[in-house]
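In what follows, a single structure is set out as structure tokens and then discussed.
None of the figures in this text is laboratory data; all of them are computed from the coordinates on show. A quick note: this is a predicted structure, and the numbers were derived from the prediction, not measured. Here the Cβ positions follow ideal geometry from the backbone for every residue, glycine too, while neighbour counts run over all protein chains shown.
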């Protein structure tokens, strides 16, 4: 499922058209020039529609009623089986790989989808998502692994021979046992 509105899908295209019109081009010429530029709005976020049999971490009834964060229910129709959209698996896909719609949501369903997306992304760190999406399609050309001043593992990826960079950080794993806790059986005879 495409996880954004049409206006977001064509955001760069629409901005380019407006820029051309503002600089004196006729609207029809501006639209034609924008449509000919295949670099505009190249990636579109999509997420899978999954079967309820695949649902593991949320209550099925809550997902079916659009009450679970991170999911959107798909009601069975002539075109689609019942299922759910899992926003955790949203990935950018090249616009050139997408073909016409199989089905479309009603206006009330679109409003609920917008709310569910806003709810889900309200809990996410957008800057990290943007960095990862910007790295899609680039080639990792160098890797450095270090520990930073906060003792976090840092994997520094050079992309396309220095044209881009992505840093991944991980909190250190706790190797000591916190006070009051014990690993393994509590019976010392085992």
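Compare the peptides 157-168, 91-102 by average per-residue count of other Cβ atoms within 10 angstrom and give them in order, highest first. The partial results should precede the final answer.
Details: 157-168: 13.8, 91-102: 10.6.
Those peptides, ordered most packed to least, come out 157-168, 91-102.
Using the per-residue mean of other Cβ atoms lying within 10 Å as a proxy for protection, in what order, highest first, do the peptides 53-63, 108-118 fall? Provide the component values of the computation, followed by the final result.
On the way: 53-63: 12.3, 108-118: 13.9.
Put in order of decreasing packing, that is 108-118, 53-63.
In the chain, the longest principal axis of the Cα atoms and the axis of helix 126-135 are about 70 degrees apart.
What does the convex hull of the Cα atoms of the range 129-170 come to per residue, in Å³, rounded to a whole number?
It is 68 Å³ per residue.
Run the simple label-point estimate for residue 141 and residue 110 please: 7 Å along Cα→C-beta, distance reported in nm. In this crude label model, residue 141 to residue 110 measures out at 4.2 nm. The modelled label-to-label distance between residue 69 and residue 15, using points 7 Å beyond Cα along the C-beta direction, is 2.9 nm.
The length gained by stretching the chain between residue 99 and residue 43 to full extension, at 0.36 nm per residue less their Cα-Cα distance, is 18.8 nm.
For a quick protection proxy, order the peptides 137-149, 11-23, 28-40, 66-78 by their average other-Cβ count within 10 Å, most packed first. Can you show the working numbers first?
Details: 137-149: 10.7, 11-23: 14.5, 28-40: 12.9, 66-78: 16.0.
So the peptides 137-149, 11-23, 28-40, 66-78, ranked by packing, come out 66-78, 11-23, 28-40, 137-149.
Treating the angle as unsigned and between 0 and 90°, give the value, to the nearest 10°, between the Cα long axis of helix 107-122 and the longest Cα principal axis of the chain. It works out to around 50 degrees.
In plain terms, the chain from residue 2 to residue 81 could stretch by 26.8 nm, reckoned as 0.36 nm per residue minus the Cα-Cα distance. Extending 7 Å from Cα along the Cβ direction at residue 26 and again at residue 153 yields two label points whose distance is 6.2 nm. Fraction of C-alpha pairs exceeding 23 angstrom in the chain: 63 percent, rounded to a whole number. Axis of helix 27-36 versus longest Cα principal axis of the chain: the two differ by about 50°, to the nearest ten degrees. In a fully extended conformation the segment linking residue 118 and residue 36 would gain 26.3 nm over its present Cα-Cα distance, using 0.36 nm per residue.
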